[in-house]
Amino acid sequence: MYREIAKLVLYRDLGEDSILRKLSGIFEDWEKKTSTEAELITRIYEQIKALLDLSTMYGFDRNLWHNYLTFILLTNENSFSMTSEKVGANDGSVNHFAKGDFRIFKRLFEFDFGPIEEALGIDCFSTVCNYKAIGKKERMYNKNVSEKVQAVSLRIEKAKDEEEIFAIVTDFYKAYGVGMFGLNKAFRIKSLPDGVEFLPINNTEQVLLCDLVGYELQKQKLIENTEAFVKGLPANNVLLFGDSGTGKSTSIKAILNEYYDQGLRMIEIYKHQFQDLSAIIAQIKNRNYRFIIYMDDLSFEEFEIEYKFLKAVIEGGMETKPDNVLIYATSNRRHIIRETWGDRSDMEQDDGMHRSDTMQEKLSLVARFGVTICYSKPSQKEYFRIVTELARRYPEITLSEQELCARANQWELSHGGISGRTAQQFINYLAGQV
């Protein structure tokens, strides 16, 4: 094994702590007899545990070894995979090295663990290559990644040579991309001293726009802007504002699910991370995806100045915002930044600034969103329509429409007032009582 891994060219950057590197070292020590059997067994079990942990995280099944090797191929960002992400398979000398690496992965797929198992009296490799995973709820792992890796793994198993593997892998790169952006829909970020780290969100809500009852004009406006964006046409940053519980955040989550297969990805950031916006954009501006930077419940108090970072990134900084990045934000405030009555007077302040100038400073942030969409609180009639429509999705709820609306009216009086969120909470309560 270690001789094969040493020959990798494009895919050799695996990380010293990778399972493949560690196993390679173990096999080298076994063949050269530089470690005792007890030491080898201990080291092997450590890597088997790491493989089981990875497989549990991504819901792998059947042949965990093959799934792991496929995971490496689909997530390794190198000059070949990054180029294939943008243009697919192309003629070039780099293909010679890529096919050489795929030939090695083919041999790793077919690697015989029998000799070392027999020599050490273990069966862990045989077990992970014929694995039956315990059924897990989707919230426990990233189903989207799991399905894609296992599907490609099965195809590579059946490939007769490196030429077929080359076609399988480059087709995947072209369709979905490479690395975390290729396999995942949404991300959060972690600030680092020298930049940012992207953290995949494993379990995004599987909501679609049709699940949100009403607000048809608002949804259509959001669809039109997003469709233009994913097609590479001019599109605007979007601000969804209005009453709480009306579906602003749900609409954006649904947009991600609707357009993920067209290359849309989403990065959720929080107010204290706005100073990292430039670092985020620097890492995604040359990727073959369309990124929405999502800011939920955006608002600022008078003393908070983070909005200045946002203003500079949206429009006003020296560097032009890339065409593959948009900002979608939700807010309960139309103007995002808290205003006072004093802002509306043009009398001189103690610091010499006109209050109307302060007002313009605050409103200038909203002006940088080309599309603003209002989600207002539904009327009682609209609230009842939402309730009855949601109730139809639960066959176990058998109340008449009249009784349903009467109970929905009682519910909203003691649960935060009329809103789509209140309606859903009421339906969840009824469904749970059956």
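The values are calculated or read from the model by the stated rules, or taken from the named source; none is laboratory data. Note that the structure is a prediction, hence the values are computed from the model and not measured. Positions of Cβ are backbone-derived with ideal geometry, glycine not excepted, and every protein chain shown enters the neighbour counts. Heavy atoms of the whole protein, side chains included, go into the accessibility calculation; ligands, DNA and RNA do not. Shrake-Rupley method; radii C 1.70, N 1.55, O 1.52, S 1.80 Å.
What value does the chain have for Rg/Rh, both radii from Cα atoms and Rh as Kirkwood defines it?
1.06
How much of the accessible area of the chain, probe 1.4 Å, is carbon plus sulfur, in whole percent?
Of the solvent-accessible surface of the chain, carbon and sulfur hold 49 percent.
Ordered by packing density, taken as the mean number of other Cβ atoms within 10 Å over each peptide's residues, highest first, how do 326-332, 165-171 rank?
Put in order of decreasing packing, that is 326-332, 165-171.
Please list, in chain and number order, the residues 5+ apart from ILE373 or on another chain whose amide H is under 5 Å from its amide H, with Hs placed from the backbone.
Those qualifying (amide H under 5 Å, at least 5 residues apart or on another chain) are LEU239, LEU240, PHE241.
Please calculate how many Å² of accessible area the chain carries per residue, with a 1.4 Å probe and no DNA, RNA or ligand atoms counted.
51
From Cα pairs below 8 angstrom and at least 6 apart in sequence, can you work out the relative contact order of the chain, rounded to a whole percent?
It rounds to 14 percent for the chain.
Can you list which of the trypsin sites (Lys or Arg not before Pro) found in the range 74-173 are DSSP loop residues with at most 11 other C-beta atoms within 10 Å?
Those that pass, being in a loop and sparsely packed, are LYS132, LYS137, LYS160.
Where in the chain is the longest stretch that carries no GluC sites (Glu not before Pro) classed as loop by DSSP and with at most 11 other Cβ atoms within 10 Å?
Free of exposed loop sites, the longest segment is 111-300.
Quick one: dipole size for the range 161-212, taken about the Cα centre, charges +1 on Lys/Arg Cβ and -1 on Asp/Glu Cβ, in debye to the nearest 20.
So the magnitude is around 460 debye.
Counting each DSSP H run of 4 or more residues in the chain as -39500 (n - 2.57), what helix-only mean residue ellipticity at 222 nm follows after dividing by all residues, to the nearest 500 deg cm²/dmol?
Mean residue ellipticity at 222 nm (helix-derived): -16000 deg cm²/dmol.
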